[in-house]
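The values are calculated or read from the model by the stated rules, or taken from the named source; none is laboratory data. Small disclaimer: the values here were computed from a predicted structure and weren't measured. Heads up, the Cβs are rebuilt from the backbone with ideal geometry, glycines too, and the neighbour counts pull from every protein chain shown. Just so you know, the surface numbers come from the protein's heavy atoms only, side chains and all, with ligands and any DNA or RNA stripped out. Shrake-Rupley method; radii C 1.70, N 1.55, O 1.52, S 1.80 Å.
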Amino acid sequence: MTEKPQNEFYGPADVSRRKYADYAVQGFRSLQDFSICVKPGLNVFLGANGSGKTNFIDFLDFITNLVNKNTAAAVSAAGGVARVFSQETLKRKIPRITAKITGIADLSQSAMSQVRKPLFRF
């Protein structure tokens, strides 16, 4: 009998029931109060021009660079601070991106077994 892996947030990791990822993003480019659930298989993003489809894909690239490299590399790869933060966010005294990602993550190719890193600390 094999033991199910434990997850400190959700208890036993039942991969068969939790094969999705929820994303909630605030302040990355045009993504304001943005949330989406991505499920296994083919996901198709439909929407009008300027609705944030490409920005969501760019957000995934940003998070990947943040986890695998560092904050400076992630911001640089995304085109710099002016391209990372939404114009609305840049108007504030302290620009901020807030993101909550829940679900199953395959970090087998990553050197990090656990990711506990703030996105930005100002």
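Structural remarks
- With all protein chains in place and a 1.4 Å probe, the accessible surface of region 22-102 carries 54 percent carbon and sulfur.
- Sequence-ordered 3J(HN,Hα) estimates for region 69-77 from the Karplus curve with 6.51, -1.76 and 1.60 and θ = phi - 60° stand at 10, 7, 4, 4, 5, 5, 5, 4, 5 Hz, glycine and proline given as x.
- Length added when fully stretched, Thr71-Asp33, from 0.36 nm per residue minus Cα-Cα: 11.4 nm
- Ranked by the mean number of other Cβ atoms within 10 Å of their residues, highest first, the peptides 49-55, 61-67 fall in the order 61-67, 49-55.
- Residues whose amide H comes within less than 5 Å of that of Gln32, counting only those at least five positions distant or on another chain, are Gly27 (H built at 1.01 Å from N in the peptide plane).
- Residues with amide H under 5 Å from that of Tyr20, placed H, sequence gap 5 or more: Ile104
- Per-residue ³J(HN,Hα) for region 49-62, Karplus 6.51 cos²θ - 1.76 cosθ + 1.60, θ = phi - 60°, Hz, x for Gly and Pro: 4, x, 8, x, 4, 5, 5, 5, 4, 5, 4, 4, 5, 4
- Per-residue 3J(HN,Hα) values for region 86-98, derived from phi via the Karplus relation 6.51 cos²θ - 1.76 cosθ + 1.60 with θ = phi - 60°, read 5, 4, 5, 5, 5, 6, 6, 5, 10, x, 8, 10, 10 Hz in sequence order (x marks Gly and Pro).
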